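Notes follow once the structure below has been shown.
The values are calculated or read from the model by the stated rules, or taken from the named source; none is laboratory data. This structure is a prediction, so every number in the text was calculated from the model and none was measured. Using ideal geometry, Cβ is built from the backbone for each residue, glycine included, and neighbour counts are taken over all protein chains shown. Surface accessibility is based on the protein's heavy atoms, side chains included, excluding ligands, DNA and RNA. Shrake-Rupley method; radii C 1.70, N 1.55, O 1.52, S 1.80 Å.
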Amino acid sequence: MSQEELVYNGWLKVYNKEVNGRIYDVLQNYDAVAAFITDEFGDILMVRQFRPAVMKETLEIPAGCLDIKGESPEECLVRELKEETNLIVDKTALSKIISYTPMLGFSKSILHLYHVTVKKSDLKTNITHDEDVKEVLWIDKNTFKEYVKSGKIFDGKTILSYLYVMNKNIFD
C-alpha cells in the first residue's frame, strides 16, 4: 500500500510517499524534450547556460520542458528550439532517438530525445530569446568527442546523444 503527502508545492512538487512503511521523496516535474542537432558538416549545435544546481556554465544540447498543456513533444521541441537557438525547424524533420526516464530513483518524468540535421546557414544569429541560454554555438565533432571524454560536457542527455552518434557512426 502507498500513501503520499505533498511537502513542497512550487514549480516543481515534492511528495513524501510511503510504500510498505518506508518514506521516499518523490519529485513531480515536467517531461522534457531535447534535440541533437547536426549540420551538413557534422558539427553539433550546443547551448551554453548557467545551471544553479551545479553552480557553473554547462555545454548542452538544446532542451526544454513540456509545460504547456496539450502540446506534443514535437511541438514543444520546435518551440524550444526557436526560443533557445532561433532555429526554425519543422516537426516532420525530427527523428526520434529515444524516450527515457533520466531520474528514475525519484521522478517518473520522461525525456524525449530527437535528432535533426539542419544547414549551418539556418542559424542566423547566436543571440537567443531564452534568458537562461548565454550562447548558441557550433562545435565540431572532434571537439565534441573530446569534451565528452574529458568531462567538459557532463550533461546526461548530451552524453546519451554522443553515444547514439557513436553507435550510428554519424561522425564517420
Checklist outcome for this item: As a percent rounded to 5, the proportion of antiparallel DSSP bridges among beta bridges in the range 33-157 is 75 percent
Checklist outcome for this item: One finds the C-alpha centres of the range 4-46 and the range 89-158 to be spaced, in Å, by 17 Å
Checklist entry - About its Cα centre, how strong a charge dipole does the chain have in debye, to the nearest 20, once Lys and Arg get +1 and Asp and Glu get -1 at the Cβ? => result 380 debye
Item to check | Summed side-chain charge close to E5 - residues other than E5 whose Cβ falls under 15 Å, Lys, Arg +1, Asp, Glu -1 | outcome: 0
Checklist outcome for this item: By the C-alpha gyration tensor axes a ≥ b ≥ c (rounded if a/c is under 1.5, else prolate when a/b exceeds b/c, else oblate), the shape of the chain is prolate
Checklist entry - Using the heavy atoms of the protein chains alone and a 1.4 angstrom probe, what is the accessible area of the chain per residue in square angstrom? => result 58 Å²
Checklist outcome for this item: Taking the range 20-93, the equivalent ellipsoid from its C-alpha gyration tensor has semi-axes in Å, biggest first, of 28, 18, 11
Checklist entry - Using Cα pairs under 8 angstrom and six or more residues apart, how large is the relative contact order of the range 60-171, in percent? => result 23 percent
Checklist entry - Tally Lys and Arg at +1 and Asp and Glu at -1 over the other residues with C-beta under 11 Å from the C-beta of S107: what net charge comes out? => result 0
Checklist entry - For the chain, which whole-number percentage of the solvent-accessible area (1.4 Å probe, protein heavy atoms only) is attributable to carbon and sulfur atoms? => result 52 percent
